[in-house]
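The values are calculated or read from the model by the stated rules, or taken from the named source; none is laboratory data. Nothing here was measured: the structure is a model prediction, and the numbers come from that model. Positions of Cβ are generated from backbone atoms using ideal geometry, with glycine treated the same way; all protein chains shown enter the neighbour counts. Side chains are part of the model used for accessible areas, which takes the heavy atoms of the whole protein and leaves out ligands, DNA and RNA. Shrake-Rupley method; radii C 1.70, N 1.55, O 1.52, S 1.80 Å.
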Amino acid sequence: MDTYAPSDVEFVAGRGATLWDAQGREYLDAIAGVGVSLLGHAHPALVAAIADQAGRLLHVSNLCHSPWAQQLAERLTALSGLQRAFFCNSGAEANEAALKLARLHAQRRGVAQPLVLVMDGGFHGRTLATLSASASPAVRAGFGPHVEGFLRLPFGDLAAVAAAQAAHGDRIVALLVEPVQGESGVNVAPPGYLRGLRALCSQHGWLMMLDEVQTGLGRTGRWFAGQHEGVLPDVMTLAKGLAGGVPIGACLAGGAAAELFTPGSHGSTFGGNPLACRAACTVLDVMQRDDLVARAAQRGQALLAGLQAALAGAPRVRAVRGLGLMIGIELDRPARELQLRALQQHRLLLNVTHGTVIRLLPPLVIEAAQVRALVSAVAALVEGMDGA
């Protein structure tokens with residue numbers, strides 16, 4: 001169906017942060033499948049684990065115990081500080097699970113018309129509920145009537161959250177927020193914002209739900225972006241890079257939220273299958289063995305500093321911002337065409353989001369020399385805007 005507008009470039013192989021097209025030309029991958037390929041392409045450990053598991057067992061139903069799902073759940077809960085995990089296949093499904101937990105939480109509290117607070121600029125998926133929770137008019141257009149029960153507030157504004165509580169009182173049962181808004185331009189939560197949200201949630205009995213689909217698993221230089229402020233949510237959603245390219249999503253929950261689902265109240269046919277869960281365990285193995293979280297912090301700081309220096313004074317650049325290996329370069333005009341120019345002129349794979357923001361999400365295994373090459377290529381791309 002006509003849902004995408006891909007370029008004509010056809011990639012046939014990859015290794016680390018490098019891709020090759022059908023003509024054998026080499027490219028630098030600075031988007032990693034939109035944040036998916038944390039270990040880059042064709043990582044030997046991940047390839048071996050997938051191949052071995054495919055020769056053993058791809059899928060059994062959730063009617064049976066799954067050792068790989070059990071191991072993955074134990075490891076994610078240990079890393080996050082939460083207690084339980086539900087596995088699905090995507091970030092949208094993980095956020096759907098979180099929203100269903102919010103509805104069950106409302107039912108437990110006797111709230112007949114619950115509200116979940118969401119933020120301007122937020123993006124949580126393309127199912128009917130998650131697009132209703134998202135802010136983008138382009139995502140929502142044509143799919144009304146939208147799911148009710150969401151109250152949208154300015155991102156980063158704690159006073160607005162307090163005002164919503166004063167106005168709507170006991171109807172509010174949860175909030176859903178991205179620590180860094182990826183789709184709307186890599187908008188980093190201001191200092192103290194997540195801590196303030198945590199305090200308000202604790203005070204009023206709301207579920208604090210962090211959408212870490214894009215920010216989780218080391219992307220920002222911590223295992224989870226909420227950890228930059230020492231925040232422990234009630235619910236956290238993960239997907240994208242969790243299995244390095246094999247589809248998987250996870251909804252983690254702690255405290256009372258961990259007990260809301262009961263047998264039969266939610267499910268997923270493919271969720272938690274042995275292949276996806278073994279792949280995810282292998283990703284965690286490599287990340288811990290190679291200290292990729294710290295590496296993401298170091299490489300991300302080098303990338304951000306390099307771009308800020310290279311683009312200082314550039315007339316088309318409004319801001320260069322980011323956290324870890326999640327960088328946004330905001331331009332003063334729509335720049336969708338830069339994606340194709342980057343491919344054709346600089347052999348560079350990136351994307352432009354929110355119309356005006358170059359988004360960089362390179363693999364966590366990107367090398368220092370590749371970081372320097374990325375800075376040079378992006379600077380040349382931006383400098384060439386007026387001459388294009």
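Couple of notes before you dig in:
- With 10 Å bins beginning at zero, the pair-distance distribution over Cα atoms of the chain amounts to 5, 23, 32, 26, 12, 2, 0 %.
- For the chain, with +1 on Lys and Arg beta carbons and -1 on Asp and Glu, the positive-most of G24, H43, A92 along the dipole: A92
- For the chain, the share of DSSP beta bridges that are antiparallel, to the nearest 5, is 65%.
- Over the chain, relative contact order from alpha-carbon pairs under 8 Å, at least 6 apart, %: 23
- Dividing the mean sequence gap of close Cα pairs (under 8 Å, 6+ apart) by how many residues the stretch 204-332 holds gives a relative contact order of 24 percent.
- The stretch 80-183 - Kirkwood radius from inverse mean 1/r over Cα pairs (Å): 14.4
- With K and R counted +1 and D and E -1, the other residues having a Cβ less than 11 Å from that of E259 yield a net charge of +2.
- DSSP loop GluC sites (Glu not before Pro) with at most 11 other Cβ within 10 Å: longest gap in the chain: 149-336
- From its DSSP helices (H runs of at least four residues, each -39,500 (n - 2.57)), the chain gives a residue-normalised ellipticity at 222 nm of -11000 deg cm²/dmol.
- Apportionment of accessible area to carbon and sulfur, the chain, percent (1.4 Å): 54
- Charged neighbours of G328, selected by a Cβ distance under 11 Å, balance to +1 (K, R count +1; D, E count -1).
- Rounded to the nearest 20 debye, the dipole magnitude of the chain is 380 debye, with +1 charges on Lys and Arg beta carbons, -1 on Asp and Glu beta carbons, and the Cα centre as origin.
- The stretch 40-177: relative contact order as a whole-number percent, Cα under 8 Å and 6+ apart: 22
- The chain: most fluctuating residue of A373, A297, A243 per GNM, C-alpha cutoff 10 Å: A373
- A Gaussian network model of the chain, with springs between Cα atoms under 10 Å, assigns the largest mean-square fluctuation among A163, A369, A335 to A369.
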